[in-house]
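Working notes, structure below.
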Amino acid sequence: MGAHISVPMYQRTIPERYAMIGQKCNSCNRIIFPHKASCPYCNSTDLDKFKLSGKGEIYAVTSIASGGAPPEFAEESRVRGSYFVVIVKLDEGMKIIARYSGKKNPEIGMKVKYLLRKIYDEEGVIRYGYKFVPELEYAAKKITETVE
């Protein structure tokens with residue numbers, strides 16, 4: 001079984017996921033992402049919303065081939081072949097797992113930036129989430145989108 005997320009659960013997390021909103025613990029000052037009911041470091045429930053920069057660097061890289069793809073990505077992997085998944089160490093310090101969507105192959109240490117993109121379609125709902133692209137591609141894409 002893949003990483004199924006029910007429609008209600010998916011809809012509850014849209015604001016945080018779409019805008020990369022984490023939390024800051026007022027007791028230990030650690031940044032948390034994704035949202036938690038309490039701080040995983042000190043168990044405090046005194047948490048405030050915190051806007052993440054969406055910038056970081058690639059900490060680890062792997063390629064997922066069609067045989068290893070979760071069910072929600074099986075069709076895409078049949079059509080496109082393998083795809084990259086990266087662990088990104090965000091500028092705020094935490095590490096997150098995400099798809100990579102750059103034109104060149106990802107490399108450890110590469111500076112990347114968050115983009116909101118379609119991830120997959122399930123239960124008739126298009127699931128959007130974050131992917132990462134190299135910072136230079138991100139800047140070029142933003143200029144192109146502004147002009148078009």
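The values are calculated or read from the model by the stated rules, or taken from the named source; none is laboratory data. Here the structure is a predicted model, which is why all the values come from computation and not from measurement. Counting neighbours? That spans all protein chains shown, and the Cβs are built from the backbone with ideal geometry, glycine included.
Overview of results
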{"read-out": "Residues of the range 107-134 classified as modelled with pLDDT of 85 or more and either surrounded by 16 or more Cβ atoms within 10 Å (Cβ to Cβ) or assigned to a strand (DSSP E or B) (or both), total", "value": "10"}
{"read-out": "Hits in the range 84-104 (condition: under 18 Å from Val61 (Cβ atoms) and either among the small types (Gly, Ala, Ser) or without any contact (Cβ under 8 Å) to a residue 24 or more places away in the chain (or both))", "value": "Phe84, Ile97, Ala98, Ser101, Gly102"}
{"read-out": "Only one of Lys51, Lys104 that is more than 18 Å from the chain's Cα centre (by Cα) and modelled with pLDDT of 70 or more", "value": "Lys104"}
{"read-out": "Evaluation of Arg80 against (1) modelled with pLDDT of 75 or more; (2) exposed (fewer than 15 other Cβ atoms within 10 Å of the Cβ) (one fails), failing number", "value": "(1)"}
{"read-out": "The range 17-38, subset more than 17 Å from Lys95 (Cβ to Cβ) and not in a strand (DSSP E or B), residue modelled with the lowest pLDDT", "value": "Tyr18"}
{"read-out": "Hits in the range 39-65 - residues which are touching a helix residue (DSSP H, G or I) at 6+ places or on another chain (Cβ under 8 Å) and either outside any strand (DSSP E or B) or farther than 22 Å from Val88 by Cβ (or both)", "value": "Ala65"}
{"read-out": "Any chance Thr62 is of a type outside the set (A, V, I, L, M, F, W, C), modelled with pLDDT of 90 or more and loosely packed, with under 13 Cβ neighbours inside 10 Å", "value": "no"}
{"read-out": "Enumeration of residues in the range 105-134 that are touching a residue at least 40 places away in the same chain (Cβ under 8 Å) and of a type in the set (Asp, Glu)", "value": "Glu107, Glu122, Glu123"}
{"read-out": "Hits in the range 90-106 - residues which are more than 23 Å from Ile32 (Cβ to Cβ) and surrounded by 12 or more Cβ atoms within 10 Å (Cβ to Cβ)", "value": "Tyr100, Ser101, Gly102, Pro106"}
